[in-house]
Amino acid sequence: MFRTMFIGGATAALVAAFTPSSGTTAVMKTPAPPHKVTIDLVSVNGSGCRPGSATVAVAPDNTAFTITYSEYLAQVGKGAKPTDFRKNCQLGLNVYAPQGFTYAIAKADYRGFASLQNGASATQRASYYFQGMSRTSYRSHRFHGPLQGNWQVSDTTAIHALVHKPCGEERNFNINTELLVDGGRSDTTNTTSFMAMDSTDGSFTTKYHFAWKKCPVR
C-alpha cells in the first residue's frame with residue numbers, strides 16, 4: 001500500500017508548552033485510575049466518517065484513547081468529485097470514568113498520509129469540547145506540496161488551560177475534525193492531490209491523551 005511511505009522532515013507539529021514561572025506551585029499530575037475506563041461512540045456525523053467507519057479504543061493503562069477511521073480522505077484533481085476537497089467528522093463520545101475521577105484532554109495526536117502535487121496545499125483542523133460547555137478554538141496545521149508521505153501533528157493544551165468534565169455530571173465529549181485540500185497552482189486536470197486520516201490496517205490513528213483529576217469527596 002502507498003501509505004507505508006515516509007518523507008523525513010514532512011512532519012509538522014504545533015505544541016503549546018507551559019512551564020511554571022519562578023515561585024509558582026507546580027501542578028501535580030494525577031495518576032490514571034486503576035479501574036477500567038470505557039467509551040461509547042454515541043454519534044457519528046460528517047462526510048469523512050459514515051456510521052461504522054470510525055472506531056474507538058481505550059489504552060490498557062487508561063492514559064489515552066484512540067480513534068481509527070476507515071474512509072477519511074479529502075482530494076482534488078483528476079477523479080475527484082467537486083465536494084471531495086473538504087471532509088469533516090463530528091464524533092460524540094460518552095466516557096465512563098471510574099467513580100471519583102474526571103478527565104480533560106491534555107494532548108491530541110493526528111496521523112495520516114498525504115500526496116500533494118507541486119503547488120497544492122492541505123489543512124488539518126480539529127477542536128473538541130464537553131457538551132454544554134464552551135467550544136475550544138480550532139487548531140490548524142497546513143501542509144504544502146510537493147509532499148508524499150506520512151504526516152503527524154500534535155496539539156497540546158497548557159496545564160493551566162485544561163478543561164475537565166464537571167464532576168458528577170453526564171456530558172458527552174465532542175470531537176470535530178476537518179481535512180481540506182486546495183489544488184492551488186497544481187495541474188488538477190491530470191493529477192490528484194489528497195490528504196487522508198484513515199487507515200486500512202490500524203497503523204494510522206488519532207490519539208487523545210487524558211489528564212486525570214480526582215473529584216472532591218462529598
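Bear in mind that the values in this text are calculations on the coordinates, not laboratory data. Please read these numbers as outputs of a predicted model, since none were measured by experiment. With ideal geometry, Cβ positions are generated from the backbone for all residues, glycine too; neighbour counts draw on all protein chains shown.
At 0.36 nm per residue, and after removing the present C-alpha to C-alpha distance, how many nm does the segment from Ser70 to His164 gain when stretched out fully? Intermediate results must be reported in sequence, preceding the final value.
Working: separation 94, 0.36 × 94 = 33.84 nm, distance 2.96 nm.
That works out to 30.9 nm of additional length.
Working note: Karplus 6.51/-1.76/1.60 with θ = phi - 60° gives segment 50-58 the couplings 4, x, x, 9, 10, 10, 10, 9, 9 Hz, where Gly and Pro are set to x. Backbone geometry of segment 114-121 corresponds, through the Karplus equation with coefficients 6.51, -1.76 and 1.60 at θ = phi - 60°, to 3J(HN,Hα) couplings of 9, 10, 10, 6, 4, x, 8, 8 Hz, x marking Gly and Pro. Highest-first packing order for the peptide set 77-85, 43-51, 175-183 is 175-183, 43-51, 77-85, based on the mean count of other beta carbon atoms within 10 Å.
Segment Asn118..Arg171, full-extension length gain: 14.6 nm, with 0.36 nm per residue of separation and the alpha-carbon distance subtracted. For Lys213, the lysines whose Cα falls under 20 Å of its own Cα, not counting residues fewer than eight places away in the same chain, are Lys29, Lys36, Lys107, Lys165. Between Asn94 and Leu41, the modelled labels are 1.6 nm apart [label points 7 Å from Cα along Cα→Cβ].
What does the extension gain come out to for Thr189 and Lys107, with contour length at 0.36 nm per residue minus their alpha carbon separation? Don't skip to the answer; put the middle values down first.
Details: separation 82, 0.36 × 82 = 29.52 nm, distance 3.92 nm.
Here the answer is 25.6 nm.
Applying the Karplus relation 6.51 cos²θ - 1.76 cosθ + 1.60 with θ = phi - 60° to segment 150-162 yields 3J(HN,Hα) values of 5, 10, 8, 9, 9, 10, 10, 9, 4, 4, 6, 9, 4 Hz, where x marks Gly and Pro.
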